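Have a look at the structure below, then the notes.
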Amino acid sequence: MSLRRPSAPMAPAFMVSAPGKVIVFGEHSVVYGKAAIAAAIALRSYLHVTTLSKSKHTVSLRFPDIDLTHTWDIDNLPWAAFHHPDKKKSYYSLVTELDNDLLAALQPHIDEVSPDRPEEIRKVHRSSATAFLYLFLSLGSPRFPGCLYTLRSTIPISAGLGSSASISVCLAASLLLQLRTLSGPHPDQPSEEARIQIERINRWAFVSEMCIHGNPSGVDNTVACQGKAVVFQRTDYSKPPSVRPLWDFPELPLLLVDTKQAKSTAHEVAKVGKLNKTHPKLVGTILDAMHNVTEAASELIEDKSFDPKEEESLRKVGELMTINHGLLNSLGVSHPRLERVRELVDHEGIGWTKLTGAGGGGCSITLLKPDVPKEKLATLESRFEAEGYQKFGTTLGGDGVGVLWPAVLKNGLDEDDEGGMEIDVDLFLNAKGTEGVEQLVGVHGDGGEREGWKFWRVESE
Ligand SMILES: Nc1ncnc2c1ncn2[C@@H]1O[C@H](COP(=O)(O)OP(=O)(O)OP(=O)(O)O)[C@@H](O)[C@H]1O
Ligand SMILES: C[C@@](O)(CCO)CC(=O)[O-]
């Protein structure tokens, strides 16, 4: 091991971003090795990283969405436990289980986070802090420079839209970039090289997901890493999953509705686990049926004759969504607020609805029939509003993890003449709401991509 301290000048502030996702088919069954179809959405997390001067050897998290601020002294962290020869991991290791000894070594440093807050808030803080520290100690070293990690997300938390996976990808990507273990992203990067970088980030994002929700399948972090839409399956947890991109994922007319009933993915996944233990044969049959639904859907969507503007094509996919929702409901992961969305949509007769993500609240997706009368949609939307639902307009199949290095953007302002506007922590923290974040640093400007943000592109077949 080299004892030389890095003599490079202080790294500039930079940003990373990753999208949320919707699961179109196969949530929960995907945890049991069945196939799922998931797509990236336009809502995203943004992580800003500032390197501190050499005199400050601390690492700080500022996660205002969950009201978390905490600073650790880097020298006091349990490096010996993480760097023990039996435990030490490399940036390219495939870690498929959390190590209980390492979690125990982290515990005192997690316990010091937000000691005076109510237990339900501490739980959320502990999840995010554990995810960060587990990655920081696995990948970093006591010589790591002092840093400030500031995170803001436009994805509603615990709504089934992959907020945890999105922040996991941001954390993994930022640490791997700081360690200079990733090449690119750059525009002429060969597709295979880009794929390796994404795979590297995804492995560590999965570790962070394990810290946040216990027994993840890895579908959420995979979509957050590579964007677009994929058919995902993980039959053997000791190996990387099979991920098949759906290059021509159709522009499905989807309505995304948040029940505003927060849920915990860990809780819903554990609930299904318990049901499976009690009724293994029955639950096994339901999980197999879910797999068949996903397979049937991917065949339909990939068929050349599929036309997302035509009622017959949509009806077939819609029926599969209805079946998938029924199966999820039979596993006990729906919620009266989700059933109410279905009831309202069915009453107007304008589409097919299923829950998306872990259920137990969270979001639903409705595939709309073509040419739905405007009045019907308006009636539905006003009902949603009256009953406290939130409707999202979003596009599916956007970009995966992106990098803005350094944190400088062209915003159509005077600064553009001098190379662009430097995004510092205060600007980022002061952006108003999710719209302000999008306006200030969003990967998309008014139309298309914004200059500055770069993506690893694993392009078409
Ligand atoms: N913006 C954020 N800032 C800090 N932590 C976050 C943020 N978004 C998510 N998290 C972390 O992720 C947890 C939510 O993860 P959870 O898996 O329950 O929901 P989700 O990822 O939104 O839904 P799903 O997994 O069903 O798609 C939070 O408790 C918190 O620890
Ligand atoms: C419920 C689940 O299938 C999807 C959560 O978005 C859990 C997972 O795949 O990790």
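Is region 95-220 rounded, prolate or oblate when judged by the Cα gyration tensor, a ≥ b ≥ c being the square roots of its eigenvalues, rounded requiring a/c under 1.5 and prolate requiring a/b larger than b/c? Prolate shape, in that a/c is at least 1.5 and a/b is the bigger ratio. Here region 252-396 is treated with +1 on each Lys and Arg Cβ and -1 on each Asp and Glu Cβ, and its dipole about the Cα centre works out to around 700 debye. Approximating the spin labels as points 7 Å out from Cα along Cα→Cβ, the D236-to-K56 distance works out to 4.8 nm. With Cα atoms as the point set, the radius of gyration and Dmax of the chain evaluate to 22.0, 70 Å. Sorting D220, D416, D236 from the fewest to the most surrounding beta carbons within 10 angstrom yields D236, D416, D220. Loop-located GluC sites (Glu not before Pro) in region 284-363 (DSSP state other than H, G, I, E, B) with a sparse environment of at most 16 neighbouring Cβ atoms within 10 Å: E310. Helix 163-178 and the longest principal axis of the Cα set of the chain meet at an angle near 30°.
The overall shape of region 236-292 is oblate: from the C-alpha gyration tensor, with semi-axes ordered a ≥ b ≥ c, the ratio a/c is 1.5 or greater and a/b is no larger than b/c. For the cross-link pairs K376/K454; K239/K274; K309/K432; K34/K263; K88/K281, the ones whose C-alpha atoms lie over 32 Å apart are K376/K454; K309/K432; K88/K281. In the chain, helices alone account for a calculated mean residue ellipticity at 222 nm of -13000 deg cm²/dmol, with every DSSP H run of four or more residues adding -39,500 (n - 2.57).
Placing a pseudo-label 7 Å from each Cα along the Cα-to-Cβ vector at T278 and L94 gives an inter-label distance of 3.6 nm.
Placing unit charges on each Cβ (+1 for Lys and Arg, -1 for Asp and Glu) gives region 252-396 a dipole about its Cα centre, and among L282, H347, L314 the Cα reaching farthest toward its positive end belongs to L282. Pair-distance distribution P(r) for region 252-396, from all Cα-Cα distances in 10 Å bins starting at 0: 11, 38, 34, 15, 1 percent.
In terms of overall dimensions, the C-alpha atoms belonging to region 135-205 reach 35, 33, 19 Å along their principal axes, ordered largest to smallest. In a DSSP loop and with at most 15 other Cβ atoms within 10 Å, the GluC sites (Glu not before Pro) in region 104-191 are E112.
Ordering R44, R450, R203 by the number of other Cβ atoms within 10 Å of each residue's own Cβ, fewest first, gives R450, R203, R44. Peptides 124-130, 269-275, ordered by how many other C-beta atoms sit within 10 Å of their residues on average, highest first, read 124-130, 269-275.
Peptides 153-162, 362-371, ordered by how many other C-beta atoms sit within 10 Å of their residues on average, highest first, read 153-162, 362-371. Taking the Cα centre of the chain as origin and assigning +1 to Lys and Arg Cβ atoms and -1 to Asp and Glu Cβ atoms, the resulting dipole is close to 1500 debye.
Relative to the dominant Cα principal axis of the chain, helix 119-139 is inclined by about 60°.
The angle between the Cα long axis of helix 374-386 and the main principal axis of the chain comes to about 60°, on a 0 to 90 degree scale. Note on K316, K263: ascending count of other Cβ atoms within 10 Å places them as K316, K263, the fewest first. Peptides 285-293, 423-431, 78-86 ranked from most to least packed by the mean count of surrounding Cβ atoms within 10 Å: 285-293, 423-431, 78-86. Positive end of the dipole of the chain, charges at C-beta (+1 Lys, Arg; -1 Asp, Glu), about the Cα centre: which of L68, G452, L255 has its Cα farthest in that direction? So the residue we want is L68.
Read the figures in this text as sums done on the coordinates, not as results from a lab. This structure is a prediction, so every number in the text was calculated from the model and none was measured. Backbone-built Cβ (ideal geometry, glycine too); neighbour counts: all protein chains shown.
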